[in-house]
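All remarks here apply to the structure that follows.
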Amino acid sequence: MLERKKGYDIVTEIGGVRTVDAAYDLFGKRLDAEHVRRIRKIENPEVLIKIANAIALCDPKTVFVFTGSEKDRAFVRQLALDQGEEKKLPMKNHTIHYDLKDEQGRIIDRTYYIINEGDKVSSLGQKMLRDQAMKEVKEKMGGIMKGRTMLIGFYIRGPAGAPVSNPALEITSSAYVLHSANILYRSAYDVFDKEVEHCGHFFANIHSEGTNRLEDLPNARVFMDRSWWTTYAMFCTYAGNTLLMKKGNHRFAVDKAVYLSNNQNLSEHMFITGINGPGGRTTWCCGAAPSGCGKTTTAMAGDKFVGDDLAQMWIAEDGAIHAINPECGIFGIVEDVNREGDPHLMDLLRKEKCEVIWSNVLIDEKGVPHWTGNGETPPAKGRNFQGEWHQGMVDAKGKPVPMSHPNSRCTVSASALANYSKENENPKGVVARIFTYSGRDSDTMPPVWVARNSDEGVVIGACIVSAATATEVGASGVKRAPWANAPFTPGPLGDYMDAQFKFYSHPKIAKKHQPILAGLNYFLTHEARGGTGKKLLGEKKDVKAWLAWLERRVHGEVGAIETPIGFLPKYEDLKQLFGDLVKKDYPKDLYDKQFSLYVDNIVARIDLQLDAYGKEQSVPPKFFDIMKKQRADLLKLKEKFGAIVAPDKLAR
Ligand code: OXD
Ligand code: MN
């Protein structure tokens, strides 16, 4: 259940502006004539009232209404430099931004859903009652922009006119945040009213970095009001905490899909990419992976890039699943981005091609950015996320300080990529036929396997496990990462799972558009398969072969080996695809290592999931039935063939 507009809207309650007249009155007092003129082009009363209240709450010195014009874009870029949030680098249109050394990821311990009494939220999220949240917003954000400029941007998350696009406001005192928004989202000042009318709502985001000192970080908060689709962020700068049009609004889009779409929408933490197949066809694939697990790389391995982070899907009248990317840029992790695995992205980073905002990487004495895993010679010294850096540097505890933070990023426009597809601008989206789920799993699942039906596919997504990554401050160990979307799923996971079961088995999906759902895992190590060392069994570029096999599979052009966990590829098909597409040999013993079922590991993984979901509310019984059946069938296999079952044993 999700009740919209329940309780009071916190910013309105604090700001006290409740009518359009009162909003105009405030604009007249707080904005100069030019910006009054700009704001008057917006007519939607709710939008005007929200903006007026944000001004009343934050009390900025000046207000800048961003129209999306080239002149305004230049103003924002210059302001980011003038405010010291970014610095120019020698390469044209490249800048560097640093977040505080202790705010290099999402501050999950200071992130809350604002709820009403009795509302249920995901067991993986934190909640705060409305009254308490109002107190904190008032205390921490009251007058936070004194002496500063408030920037107000109007955007649309997705191509204008798409049935699942959402208009969103970004209100911030950080020019870096608005500069990032201008690269990552479509500016929509001219069509904002129309889009709000068409959707019947808008998302709003209010942020200020405040004084932005290390000592303020304990006061940092990220609040998301599920009822009023408004976010508040304060005393932080990292885009994952501040540019809440991204993951803050993604959470609202998840709520909208799960509770308000009649099981006909999903909002996923997925890339969208097109894979070219025989005869000139393109098959579209959406894939989920937890932050920092190779999602951007997989997206880039496709031939036609639409997006690397978010996908919003709907079942259209033609009986197909259509998908759009709410974004038009990449806020990508740069660690391990290199020529071999990511040539297109490397072109943008190393050539004068487009605007790039670097964050938290090392800048050498010549102003050149460097990052771990780029495949280049590292410099002896430079400046990075924690200050001066030199080779061999250790922190106070004697731990090596890496050259760049593992969550260092680049912000670039997707349209600059050589494999960019203009389909990203199509309000009809792309027809998605392949859905993948992956995590950082060093010892259990094979590189690729396909669910036998959509219900088993939903279970693959539910069971992602992954080593923690640097995207969350303080996270460590191996974690469950359901659908790679759990950090962004506001409601109980059982509700989300139910929505997934109903979506993928929806009677509206036509037979000819049936998708396949699959697992992917690039992280199997030698030591997990009888060898030694943590080195990976595969290479980054192998992704092309796994994706191509899925592409052939959805068109019924390759056979498969049926196992209790789903279908596995046949050796001959992979060998062919490796030769044709990856241009390398694919030895049979590597195939055996990668695709043998390590029954005890898989059973342990199932037990972990049965145990964890057993503690969740409202998990559909179907989930437990599928898992228990897989478990029993795996144990039967073990009895017959032993604990390691080579795929050939199961081939018919
Ligand atoms: C991201 C994340 O930045 O998921 O995309 O953390
Ligand atoms: Mn992400």
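Here are the numbers for this structure:
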read-out: Distance histogram for the range 206-249 (every C-alpha pair counted, 5 angstrom bins, percent rounded to whole numbers); value: 6, 27, 32, 19, 11, 4, 1
read-out: Under the Debye formula (equal points on every Cα, no solvent term), log10 I(q)/I(0) of the range 416-565 at q = 0.12 Å⁻¹; value: -0.63
read-out: Dmax and Rg, reported as Rg then Dmax, of the range 227-293 (C-alpha, Å); value: 16.2, 54
read-out: Cubic angstrom per residue, convex hull over Cα atoms of the range 24-68; value: 73
read-out: For Arg605, Arg452, order by how many other beta-carbon atoms lie within 10 Å, fewest first; value: Arg452, Arg605
read-out: Neighbour-count ranking [beta-carbon atoms within 10 angstrom, fewest first] of Arg73, Arg18; value: Arg18, Arg73
read-out: Cα-projected label distance for Gln78 with Ser415, points at 7 Å along beta-carbon direction, nm; value: 2.3
read-out: Longest to shortest principal axis, alpha-carbon extents of the range 593-652, angstrom; value: 40, 19, 19
read-out: Principal axis dimensions, the range 563-631 - Cα atoms, whole angstrom, descending; value: 48, 21, 16
read-out: Value of relative contact order over the range 362-476, rounded to a whole percent, pairs C-alpha under 8 Å and six or more apart; value: 16
read-out: Most positive-pole-ward Cα, Ala301, Phe488, Ala632, against dipole of the chain from beta carbon charges; value: Ala632
read-out: All-pairs Cα distance distribution in the range 203-322, expressed in whole percent, bin size 5 Å; value: 2, 11, 15, 16, 17, 15, 11, 7, 4, 2, 1, 0, 0
read-out: Mean Cα-pair separation over length for the range 78-199, i.e. relative contact order, pairs under 8 Å, 6 or more apart, %; value: 21
read-out: Share of alpha-carbon pairs per 10 Å distance bin for the chain, given as whole %; value: 3, 16, 27, 27, 18, 8, 2, 0, 0
read-out: Full-stretch length increase - Gln126, Gln514 - with 0.36 nm per residue and alpha-carbon distance subtracted; value: 136.0 nm
read-out: FRET efficiency estimate (nearest 0.05) - Cβ-Cβ, Leu610 to Thr62, R0 51 angstrom; value: 0.35
read-out: Label zone at Ser505, where the point sits 7 Å out along the Cα-to-Cβ direction: the range 614-631 residues whose backbone N lies under 16 Å; value: 619-630
read-out: For the range 293-353, Kirkwood radius (reciprocal of mean inverse C-alpha pair distance, Å); value: 13.1
read-out: Hydrodynamic radius (Kirkwood) for the range 533-652, which is based on Cα pairs only, to one decimal in Å; value: 16.2
read-out: Ascending count of other beta-carbon atoms within 10 Å, so fewest first, for Leu650, Leu577; value: Leu650, Leu577
read-out: Charge-dipole axis of the range 509-652 as Lys and Arg at +1 and Asp and Glu at -1 on Cβ define it, positive-most pick from Leu597, Phe523, Val543; value: Val543
read-out: Kirkwood Rh (inverse of mean 1/r, distinct Cα pairs), the range 356-403, angstrom; value: 11.1
read-out: About the Cα centre, charge dipole magnitude for the chain (Lys/Arg +1, Asp/Glu -1 at Cβ), debye; value: 520
read-out: FRET efficiency for Asp21 and Lys146, using Cβ-Cβ distance with R0 set to 30 Å, rounded to 0.05; value: 0.70
read-out: Förster radius 60 Å - calculated FRET efficiency between His390 and Glu639, Cβ distance, rounded to 0.05; value: 0.55
read-out: Contact order normalised by residue count of the range 76-127, Cα under 8 Å, 6+ apart, percent; value: 19
read-out: Estimated distance in nm for a label pair at His344 and Met1, the labels positioned 7 Å out from Cα along Cα-to-Cβ; value: 4.6
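FYI, it's all coordinate maths here, none of it is from the lab. Predicted model only: the values in this text are computed from it and were never measured. Neighbour counts are summed over all protein chains in view; Cβ atoms, including those assigned to glycine, are modelled from backbone coordinates with ideal geometry.
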